[in-house]
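Note sheet for the following structure.
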Amino acid sequence: MSAAGFVLAINLFIAGLFATAFGIVAVYYRSAVGARWLAIAYATGILNGVFEFILPYQQDARLVSVSIFAAFLLALAMSNVGIARHYGIRPPWLVLGLTAAVSMAVNVAILDMPRDSFIRAILYQAPYAVLQLIGAAIVLSRKSNRALDMALVGLMVLVALNFLSKPFIALLIGSGGSPQGYLGSNYAAISQSTAAVLLISNGLLILLIIVRDMMADMTARSETDTLSGLLNRRGFEDRAEQARLLAVRAGAPAVVVVADLDHFKAINDTFGHAAGDLAIAAFGRVLKESFDFRAVIGRLGGEEFAVLLPGADLGVARGAAETARRLLRELSAEERGSDRGITSSFGIAAMEAGESLADLLRRADTALYEAKSRGRDRACIAPVTPVGISRNLPEQRAQA
């Protein structure tokens, strides 16, 4: 077996490993739709290698040559579909389809051109480069790319340049006198070795991105309250603490708003738990609509909700709370789940120096109880703690 044939065998094994890896991810994590396409793409890439091995034994190499080109072209196109699916982007079906159709037509047209023709080599490799650049454009179309995503873009551009460099390498050292002699050429050894490095790099990078996003999705699900669509208590406390610490380090203000639905037990008792669930879901939507996008919003349990607004003052927080209170009152019977009107009460507390999140929530809770005692359907602001008085004093007295 030639050096190029040996490297090609390694490439087939690597492609098989990645096809299996992406397939396992797709089976065990059903929402990873992109992984399914990537598994098929790598499996199709194996066909390309199989045809390469068959090629030396063909008297008329044209059909197998076209099959080699088509298999690799299809693998790259499906890889782009998988990447688009993973990022939640609609695959550019029209662009991919036109690229594939034109590329196949050109490939058939250049079959009988001299093998050492530079123009033939460019026309053969250009479609592969175009598909890599389409993949890079798919990733770049997202607005929130991170380090691994940008690394993938860079790698795709590098692979595109590698394809475009091959005609120049073939011009310098030759690519074999005939299609059947390709695997015995130095060009094939260089081409297959470069492909091995890029194949491993590309597969590992995409796999890392998928695993990263899977873990982020699982974390988000574990921190999300399914009924309201907001953070659950654990998620709120973690995110709110991070936001509070950032505000403290930046010397910026922060405000906590605690809210709950008035007479929620009566809603459940009168109209049933389904109506209560609709009311909670509606209040979650109202809170998301009323507060700034930077706000950390969560459902602490039952009908109780909390919001942390980094960089906001009491005026901003109260305005948002009043907006939420008004929007909730204006919901239709269908939206709120019952014929009975729903109101809400709010307690608001601005962060003081040295105050923990727990202390801040406790003061906001106190303001909420004041709103309840004053007739509900209102927002109350917690008083500022007098200088020199410990916030834990009531607890210390209770313990005494």
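Every number here is computed from the coordinates shown, using simple stated rules; none is lab data. For clarity, every value in this text was computed on a predicted model and none was experimentally measured. When we count neighbours, we look across all protein chains shown, and the Cβ atoms used for this are built from the backbone with ideal geometry, even at glycine.
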Cross-link reach from Lys372 to aspartates and glutamates, straight Cα distance under 16 Å and at least 8 residues apart if same chain, gives Asp260, Asp262, Glu303, Glu304, Glu322
For Leu300, what residues show an amide H to amide H distance below 5 Å, using hydrogens built from the backbone and excluding near sequence neighbours?
Phe305, Ala306
Kirkwood Rh and Cα-based Rg: tell me the resulting Rg over Rh for the chain, rounded to two decimals.
1.21
Computed [θ] at 222 nm, helices only, for the chain once each DSSP H run of length n ≥ 4 contributes -39500 (n - 2.57):
-22500 deg cm²/dmol
Report the residue, chosen from Tyr128, Tyr42, Tyr28, that carries the largest GNM mean-square fluctuation when the chain is represented by alpha-carbon nodes joined by springs under 10 Å.
Tyr28
Thr226-Gln58 pseudo-label distance in nm [points 7 Å out on the Cα-to-Cβ vector]:
5.3 nm
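Can you sort Glu330, Glu322, Glu355 from fewest to most other Cβ atoms within 10 Å of each residue's own Cβ? Please report the intermediate quantities before stating the final value.
Working: Glu330 11, Glu322 14, Glu355 19.
So the ranking, lowest neighbour count to highest, is Glu330, Glu322, Glu355.
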Separation of the Met215 and Leu133 label points, Cα + 7 Å toward Cβ, nm
3.5 nm
Listed by chain and number, the residues whose amide H is under 5 Å from that of Phe346, excluding neighbours fewer than 5 places away on the same chain and using placed H, are Arg378, Ala379, Cys380
Among Val139, Val159, Val248, which one shows the biggest mean-square fluctuation in a GNM of the chain, springs joining Cα atoms closer than 10 Å?
Val248
Taking θ = phi - 60°, what integer Hz values does the Karplus form 6.51 cos²θ - 1.76 cosθ + 1.60 yield along region 107-119, in sequence order, with x for Gly and Pro?
4, 5, 5, 9, 4, 9, 6, x, 5, 8, 6, 5, 5
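If each residue's Cβ is checked for other Cβ atoms within 10 Å, how do Phe22, Phe72 rank with the fewest at the top? Intermediate results must be reported in sequence, preceding the final value.
Numbers: Phe22 26, Phe72 21.
Placing the least packed residue first, the sequence is Phe72, Phe22.
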³J(HN,Hα), Karplus 6.51/-1.76/1.60, whole Hz, each residue of region 300-312, x for Gly, Pro:
7, x, x, 9, 9, 10, 9, 9, 10, 10, x, x, 10
When Arg115, Arg318 are arranged by how many other beta-carbons sit within 10 Å of their Cβ, fewest first, they go Arg115, Arg318
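Viscosity 1.306 mPa s, temperature 10 °C: what is the translational diffusion coefficient of region 3-222 from Stokes-Einstein with a Kirkwood Rh over Cα pairs, rounded to a whole number of µm²/s?
Details: Rh = 18.0 Å.
It diffuses with D of about 88 µm²/s by this estimate.
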Once amide hydrogens are built 1.01 Å from N within the peptide plane, the residues lying 5 or more places from Thr224 or on another chain with amide H under 5 Å from its amide H are Asn232
Using only the alpha carbons, work out the radius of gyration and Dmax of region 1-44 in angstrom.
12.8, 43
